[in-house]
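The values are calculated or read from the model by the stated rules, or taken from the named source; none is laboratory data. These numbers were taken from a predicted model, which means no experiment stands behind them. Cβ coordinates were reconstructed from backbone atoms using ideal geometry, including for glycine residues, and neighbour counts include every protein chain displayed. Surface accessibility is based on the protein's heavy atoms, side chains included, excluding ligands, DNA and RNA. Shrake-Rupley method; radii C 1.70, N 1.55, O 1.52, S 1.80 Å.
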Amino acid sequence: MMASVNRESYAAAAEKLTAATQQATAAQLATTADEFLSVARLLRGEPRLRRALTDPSRSGGDRAELVRSILAGKLGDTTVDTLATLVSGRFSRPSELLDASERLGVDTVLSSADKAGTLAEVEDELFRFGQIVSGNAELAVTLSDPSAPAEQRVKLAQDLLKGKAQAATIQLIAVALEGFGGRSFESSLSRLVELTAAKRDREVAYVTVAKLLGEAEEQALAAKLSDIYGRQVSLKVDVDPSIVGGVSVRVGSDLYDGTILRRLNEARQAFAK
């Protein structure tokens, strides 16, 4: 979650961006997203620039002019104007500016996918990639290794996904590998799945079962959860035979564990007392 101190600054920038891109095509939005993410990478590697752009001793107008002097002519007007609006706001820490710039990039990637009609595919591809990585110990270690350059890990993921995933999916996986919002790769990927679902006005439910659910079972579970949460629910199903039977469902911080493994563990603990 974005720090409360900069929500107002972010909201002003996001409003500026929305107004400027109402007629933009999916391709134009994708280009703008790339520009925001390139600025986030610049800020990540330049702590002095982050401090200068959030310096409370300088006026918001001065900070906006500094952004324009650095980026004008190198990036599109929409990107520069949005970032000028962003830095004219208040930030309690320089790292918050990095997070906000990165979030603008992510939100614009999602807007591009929405315009292209591929949001649902992007959501599923992000989740499936996470499953593939977690199921391959060597790949998981390689992609999650913070000592390896992010560029190297991004290139590996791009090679793996080339021709197999939406461009927006590949963009977002790169963001996850760079540590979206300071998170680990796994946590970043989960957060991006949730943001993609939210763009579709859906809640994400992570479901663990011992064997695949039938289509009717999935629909019934989704309908029940939708009733509980008051909005459509996107099921992300993982098959784990070790739970023996039953179903585990996690929605946000809520966990519904009806697995046989849980019951066996409870029985074992009761006998051990």
key: Per residue, in Å², the accessible surface of the stretch 1-77 once ligands and nucleic acids are set aside, probe 1.4 Å   = 59
ask   = Averaged per residue, what accessible area in Å² does the stretch 166-265 show with a 1.4 Å probe, protein chains only?
value = 49
task = Would you mind calculating the relative contact order of the stretch 84-207 from Cα pairs under 8 angstrom and at least 6 residues apart, reporting the percent as a whole number?
result = 30
request  = Compute the Rg/Rh shape ratio of the stretch 79-178: radius of gyration over Kirkwood radius, all on alpha-carbon atoms.
outcome  = 1.03
query = Could you give the nm distance between label points at residue 219 and residue 27, where each point is 7 Å from its Cα heading toward the beta carbon?
reply = 3.9
query = Which value results for Rg/Rh of the stretch 5-87 when Rg is the Cα radius of gyration and Rh the Kirkwood radius based on the inverse mean 1/r?
reply = 0.96
key: Max mean-square fluctuation residue, GNM over the chain, Cα-Cα springs under 10 Å, options 203, 96, 138   = 138
message = Need one number: the % of Cα-Cα pairs in the stretch 142-273 sitting beyond the 25 Å mark.
response = 43
query = Which log10 I(q)/I(0) values, to two decimals, does the chain give at q = 0.08, 0.12, 0.15 Å⁻¹ under the Debye formula with one point per Cα?
reply = -0.40, -0.82, -1.15
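With N residues in the stretch 139-210, what two-decimal value do you get for its Cα radius of gyration over 2.2 N^0.38 Å?
1.17
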message = Let me spell out the model: positive unit charges on the Cβ of Lys and Arg, negative unit charges on the Cβ of Asp and Glu, origin at the Cα centre of the stretch 130-195. What dipole size does that give, in debye rounded to 20?
response = 160
Over the stretch 134-226, relative contact order from alpha-carbon pairs under 8 Å, at least 6 apart, % = 18
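Determine by what factor the alpha-carbon radius of gyration of the stretch 190-267 differs from 2.2 N^0.38 Å, reporting the quotient.
1.12
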task = Using only alpha carbon pairs under 8 Å that are at least six residues apart, calculate the relative contact order of the chain and give it in whole percent.
result = 15
ask   = So what is Rg over Rh here for the stretch 53-99, counting just Cα atoms and using Kirkwood for Rh?
value = 0.96
key: Theoretical ellipticity at 222 nm over the chain - DSSP helices of four or more residues, -39500 (n - 2.57) apiece, nearest 500   = -21000 deg cm²/dmol
remark   = Checking 242, 187, 253 against a Gaussian network model of the chain (alpha-carbon springs below 10 Å), the top fluctuating residue turns out to be 253
query = If r is the Cβ-Cβ distance from residue 244 to residue 44 and R0 is 51 Å, what FRET efficiency results, to the nearest 0.05?
reply = 0.70
request  = With a point put 7 Å past each Cα toward its Cβ, work out how far residue 257 is from residue 131 in nm, to one decimal.
outcome  = 2.2
request  = Mind putting a number on the dipole of the stretch 23-72 about its Cα centre? Charges go on the C-beta only, +1 for Lys and Arg and -1 for Asp and Glu, and I need it in Debye to the nearest 20.
outcome  = 220
Cα-based shape type of the stretch 21-160, given that a ≥ b ≥ c are square roots of the gyration tensor eigenvalues and the cut on a/c is 1.5 = oblate
query = Taking all protein chains as present, what is the carbon and sulfur share of the accessible area of the chain, in % to the nearest whole number, probe 1.4 Å?
reply = 51
remark   = Mean-square fluctuation maximum in Gaussian network of the chain, Cα pairs under 10 Å, restricted to 78, 169, 108, hits 78
Nearest-20 debye value, the chain charge dipole, Cβ charges on Lys, Arg, Asp, Glu = 560
key: Members of 199/224; 16/164; 155/224 lying beyond 29 Å, as alpha-carbon distances in this model show   = 16/164; 155/224
